[in-house]
Structures are given as structure tokens and as C-alpha cells.
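Participant: Sending over a structure as C-alpha cells; questions will come in a sec.
The values are calculated or read from the model by the stated rules, or taken from the named source; none is laboratory data. Source: prediction; values computed, not measured. Cβ placement follows ideal geometry from the backbone for every residue including glycine, while neighbour counts extend to all protein chains displayed.
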Amino acid sequence: MKYEDFINNLEIHRTTLGKGKGVRCNLTLYMYPDGHSNFYCLDDKGSWIKYKNKAVCMPTNDKLETVDVFIDIINKMHKNAKRM
């Protein structure tokens, strides 16, 4: 999956608990001993989100790239939260 597709197809939802003014994104992060990892986007039931019949997933090569992806996810969530 292209990086832009991963970021744009994250399941970011308005929160329904409390005052309901934020957003949430269900993620699973698998990290391996050598530092590479995979981000997976999950629905509310814990199943992988699919786009064009493939899991919304982003592999990373090392710890620094993992942090960069995480920062981009946070920025996307912040942008979506401002719109709500």
C-alpha cells in the first residue's frame, strides 16, 4: 500500500464518550527485535480495516521510520479533530 493511501484511509472516528470533541484511531503496532515494524488500522471490533481487499497496513524499516509514521498519524488525527 502506498504511504499516502495508508494515512488517508485510517479509520479516524469522532469520539462518543464524554463531551465527544475528539477523534480516535484504533491501531496495532507490531515491532520486531531488529527494529522494523508494521502498523495496522483496526475497526471498533478489532478486525483489520481493508482497502481494495488488502489490510490497511504500513511496514517500516527501523525505529526512526516507525516514529515518523506515528507522528504522521498524530498529525492526521489532529487535522481531522479540527474539522469536527
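So that you can scan it fast, the table gives a plain yes or no per residue for (1) among the aliphatic types (A, V, I, L, M); (2) closer than 20 Å to N61 by Cα; (3) modelled with pLDDT of 85 or more; (4) touching a Lys or Arg at 6+ places or on another chain (Cβ under 7 Å):
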site: G18; (1), (2), (3), (4): no, no, no, no
site: K21; (1), (2), (3), (4): no, no, no, no
site: L29; (1), (2), (3), (4): yes, yes, yes, no
site: F39; (1), (2), (3), (4): no, yes, yes, no
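Participant: Taking region 6-59, which residues are of a type in the set (D, E, K, R) and under 20 Å from R83 (Cβ atoms)?
Facilitator: E11, R14, K19, K21, R24
Participant: With the condition kept exactly as written, say whether any residue in region 51-61 is of a type in the set (D, E, K, R) and more than 20 Å from M1 (Cβ to Cβ). Break it down stepwise before answering.
Facilitator: Of the residues in region 51-61, the ones of a type in the set (D, E, K, R) are 52, 54.
Filter once more, so that each one left must be more than 20 Å from M1 (Cβ to Cβ): none.
Checking region 51-61: not a single residue is of a type in the set (D, E, K, R) and more than 20 Å from M1 (Cβ to Cβ).
Participant: Shifting gears a bit: So V56 passes all but one of these: (1) out of contact with any helix residue (DSSP H, G or I) (no Cβ under 7 Å at 6 or more places or on another chain); (2) surrounded by 15 or more Cβ atoms within 10 Å (Cβ to Cβ); (3) at pLDDT below 85. Which condition number does it fail?
Facilitator: (1)
Participant: Taking into account only those residues within region 4-28 that are under 15 Å from V69 (Cα atoms) and touching a Cys at 6+ places or on another chain (Cβ under 9 Å), which is surrounded by the fewest Cβ atoms within 10 Å (Cβ to Cβ)?
Facilitator: My answer is T28.
Residues are listed down the side, and each one gets a yes or a no for (1) farther than 15 Å from I7 by Cβ; (2) touching a Phe, Trp or Tyr at 6+ places or on another chain (Cβ under 8 Å); (3) polar (S, T, N, Q):
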site: G22; (1), (2), (3): yes, no, no
site: D34; (1), (2), (3): yes, no, no
site: C41; (1), (2), (3): no, yes, no
site: D44; (1), (2), (3): yes, no, no
site: W48; (1), (2), (3): yes, yes, no
site: E65; (1), (2), (3): no, no, no
site: V69; (1), (2), (3): no, yes, no
site: I74; (1), (2), (3): no, no, no
site: N80; (1), (2), (3): no, no, yes
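Participant: Would you say K79 is loosely packed, with under 13 Cβ neighbours inside 10 Å and either touching a Lys or Arg at 6+ places or on another chain (Cβ under 6 Å) or at pLDDT 85 or above (or both)?
Facilitator: Details: loosely packed, with under 13 Cβ neighbours inside 10 Å: yes; either touching a Lys or Arg at 6+ places or on another chain (Cβ under 6 Å) or at pLDDT 85 or above (or both): yes.
The answer is yes for K79.
Participant: Which of the residues belonging to region 9-36 are in contact (Cβ under 8 Å) with a residue 60 or more places away in the chain and within 20 Å of K52 (Cα to Cα)?
Facilitator: The answer is L10, I12.
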